[in-house]
Amino acid sequence: MSDPADHFERLYRTRDDPWDYQTSPYEAAKYAATLAALTRDRYGCALEAGCSIGVLSALLAPRCDRLLSVDLAARAVERAAARLAGFPGARAARATLPRDWPRASPDLIVLSEFLYYLSAPDIDTLARCVARDAAAGAECVLVQYRGDTATQIRPDAARERFCAVLSGLRPVRVIDHAAPAGYDHRTVILHG
């Protein structure tokens, strides 16, 4: 994928919901498993990367005092912002991670089917941002597709690279969750 921003903008111009997030049983099951992977009922400051049209964002928002959901596609962010309008502490913004990493101390970071769209150096940079800024005890929830992707790095390799860099910078506890054949869920708890 040569230019991810152009690629995703084209997708959202063609279809409002390119992956059927609102209607797909696969997506509904993945969202339920993602919420089940959270170890707390409530979070003070959360960041969701690659929020798309905000379907998962709207499920996370009631559990967060503040939620920032970001995506690089402007059309997706518009839809996510509309979906989050009823949640005073939640907002959607256009950002390209890791370049536009927000300076905050999140206690929840959700990277759902996101890491494998990054280059290896960007995965490393994102892990360094998380290690530097995440609050003590923060959770980083990683959801990875198990199938083939048209990306530079395989989903499992992206996840393992991210976790290796992160664990080299901060002590972590990893919880792998049982999931159906299509995807993996991992919660990384950051200590220190």
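Things worth noting here:
- Residue count for the stretch 95-129 under the criterion of being acidic (D, E) and touching a residue at least 60 places away in the same chain (Cβ under 8 Å): the result is 2.
- Residue within the stretch 4-23 that is of a type in the set (G, A, S) and at pLDDT below 85 present: yes
- Matching residues, the stretch 21-44, being farther than 14 Å from H185 by Cβ, among the β-branched types (V, I, T) and outside any loop (DSSP other than H, G, I, E, B): none
- Where strands (runs of 3 or more DSSP E) fall wholly inside the stretch 46-113, the ranges with 3 or more residues that are of a type outside the set (A, V, I, L, M) are 64-71.
- Subset of the stretch 171-189 that is buried (at least 18 other Cβ atoms within 10 Å of the Cβ) and of a type in the set (D, E, K, R) - its residue that is modelled with the lowest pLDDT: D184
- Of the candidates A158, A134, A127, the single residue that is buried (at least 19 other Cβ atoms within 10 Å of the Cβ), over 21 Å from A104 (Cβ atoms), hydrophobic (A, V, I, L, M, F, W, C) and under 16 Å from the mean Cα position of the chain (by Cα) is A158.
- First in the stretch 145-169 and more than 10 Å from A127 (Cα to Cα), second anywhere and of a type in the set (A, V, I, L, M, F, W, C) and surrounded by fewer than 19 Cβ atoms within 10 Å (Cβ to Cβ), Cβ under 7 Å, 6 or more apart: R146/A181; A150/M1; T151/M1; I153/A120
- Among the residues of the stretch 137-152, the one identified as part of a strand (DSSP E or B) and of a type in the set (D, E) is E139.
For (1) surrounded by 22 or more Cβ atoms within 10 Å (Cβ to Cβ); (2) modelled with pLDDT of 95 or more; (3) hydroxyl-bearing (S, T, Y); (4) more than 13 Å from the chain's Cα centre (by Cα), each residue gets a yes or a no:
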| position | (1), (2), (3), (4) |
| --- | --- |
| E48 | yes, yes, no, no |
| A58 | no, yes, no, yes |
| P62 | no, yes, no, yes |
| A73 | yes, no, no, yes |
| A80 | yes, yes, no, yes |
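- Filter result for A93 (surrounded by fewer than 20 Cβ atoms within 10 Å (Cβ to Cβ), at pLDDT 95 or above and closer than 20 Å to C51 by Cβ): yes
- Filtered by the rule that a residue be of a type outside the set (A, V, I, L, M, F, W, C) and either under 24 Å from Y26 (Cβ atoms) or not in a loop (DSSP other than H, G, I, E, B) (or both), the stretch 153-175 gives R154, P155, D156, R159, E160, R161, S167, G168, R173.
- In the set G137, G192, only one residue is modelled with pLDDT of 95 or more and on the phi > 0 side of the Ramachandran plot; that residue is G137.
The values are calculated or read from the model by the stated rules, or taken from the named source; none is laboratory data. What you see is a predicted model; the values in this text were computed from it and never measured. Cβ: placed from backbone, ideal geometry, glycine included. Neighbour counts: every protein chain shown.
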